[in-house]
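Data first, discussion second: the structure below is written as structure tokens.
The values are calculated or read from the model by the stated rules, or taken from the named source; none is laboratory data. Computed from a predicted structure; not experimentally measured. Counting neighbours? That spans all protein chains shown, and the Cβs are built from the backbone with ideal geometry, glycine included. Just the protein is used for accessible areas: all its heavy atoms, side chains included, with ligands, DNA and RNA removed. Shrake-Rupley method; radii C 1.70, N 1.55, O 1.52, S 1.80 Å.
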Amino acid sequence: MAHDTLSKSPRIDRMNWDDLRLFALAAEERSIRRAAARAGVGAATLFRRIGELEKELGAKLLNRLPEGVSPTLFGQRALALIDQMAVPVHGLDQLAAEVRGDRAFVSITVTQGLGVNWLVPNAAAFHKANPTIGLDFRIANGVADILRFDSDLGIQMTPPTAPDLVAGKLGRMHFELFASQAYLDLHGCPADLAGLRRHRFVEQLDGHVEEGHVANVLGELRNEQVAARVLGSCGAIRAIEAGIGIGALPNYSVAFGNKVVPLNLPVTKYRDIWLTYRSDARERAAVTTTIAWLKSLFDPRRWKCFRDEFVPSKDVGPMPFGNSG
């Protein structure tokens with residue numbers, strides 16, 4: 001009789017941890033699409049896997065709403081248990097990797113600009129010095145959920161508020177206004193702030209500022225002033241290079257090889273760059289080594305652009321790649 005009862009119960013012993021993680025992402029994002037983007041899977045795949053998980057459990061985890069999804073009462077209780085499970089599951093995964101002799105991978109969620117233009121180009125030097133450590137770059141417009149192991153390390157523009165996270169300031173990102181030379185040849189270069197009124201702008205949007213980056217520098221823009229809105233810095237830089245309009249970019253943009261020209265107007269803004277990780281992350285030697293490498297990449301004594309005081313883009317100097325590890 002006991003055997004019959006067990007056979008009809010959910011197959012907890014075969015449950016896929018990754019499916020539980022996907023459900024937790026969907027519940028947090030309140031959106032299948034956004035959760036799928038964070039997880040790096042298709043929305044249809046994520047929807048199917050959560051449906052299969054619900055079938056395994058014999059209970060509904062998410063309410064499907066016109067505006068997205070929300071956890072059911074059962075789903076809310078499940079989320080609390082999933083959070084408790086995350087630490088031992090992650091630890092077991094790392095232990096198994098060590099026993100197998102696998103390469104020790106450290107995952108880093110980082111903004112587009114810093115990831116594409118700074119971390120990735122310098123990763124070869126890191127690998128040469130640390131051949132047994134792999135770097136798992138997760139280049140994203142949003143902020144990683146470090147507590148749920150979205151990543152081992154997060155580089156973001158806002159300090160974390162969760163008490164279980166360690167936060168350290170890596171440096172400071174200073175913004176100024178840039179345009180392409182083709183745009184300036186066609187429309188002229190504004191001589192002062194008043195001259196900006198007749199120009200058009202490329203507005204960059206992401207999860208690190210409440211408004212766009214230009215609005216963060218100049219204040220709210222009128223719709224007729226915005227020629228394009230672009231999600232993420234890579235697209236925004238390309239739009240500015242293409243001559244669509246003026247945009248707000250970090251002062252290292254020219255040094256990183258982007259074909260843009262600083263307007264040299266007296267408007268700047270900054271965002272502090274934070275490194276965040278779980279308090280137990282340093283128990284892994286690979287994580288400790290990676291943290292030291294990241295700190296060296298943002299050392300303001302070596303790289304003027306990351307100093308607390310503003311340095312104009314023309315004075316940033318060269319940013320060499322491949323020898324910064």
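Some points to look at:
- Of all residues in region 43-64, those being assigned to a loop (DSSP other than H, G, I, E, B) and open to solvent by 40 Å² or more (accessible area, probe 1.4 Å) number 2.
- Where strands (runs of 3 or more DSSP E) fall wholly inside region 212-294, the ranges with 1 or more residues that are within 20 Å of the chain's Cα centre (by Cα) and modelled with pLDDT under 90 are 226-231, 269-278.
- Among residues of region 38-67 that are closer than 22 Å to Asn141 by Cβ, those with a Cβ under 7 angstrom from a residue that is of a type in the set (Gly, Ala, Ser) and not in a loop (DSSP other than H, G, I, E, B), sequence gap 6+ or separate chain, pair up as Gly42/Ala36; Ala43/Ala36; Leu46/Ala26; Leu46/Ala35; Leu46/Ala36; Leu46/Ala39.
- Residue that is most open to solvent (accessible area, probe 1.4 Å), among those in region 306-325 that are modelled with pLDDT under 95 and part of a helix (DSSP H, G or I): Lys314
- Residue pairs whose Cβ atoms lie under 6 Å apart, separated by 6 or more positions or on different chains, with the first residue in region 182-199 and open to solvent by less than 60 Å² (accessible area, probe 1.4 Å) and the second among the β-branched types (Val, Ile, Thr), are His199/Ile246.
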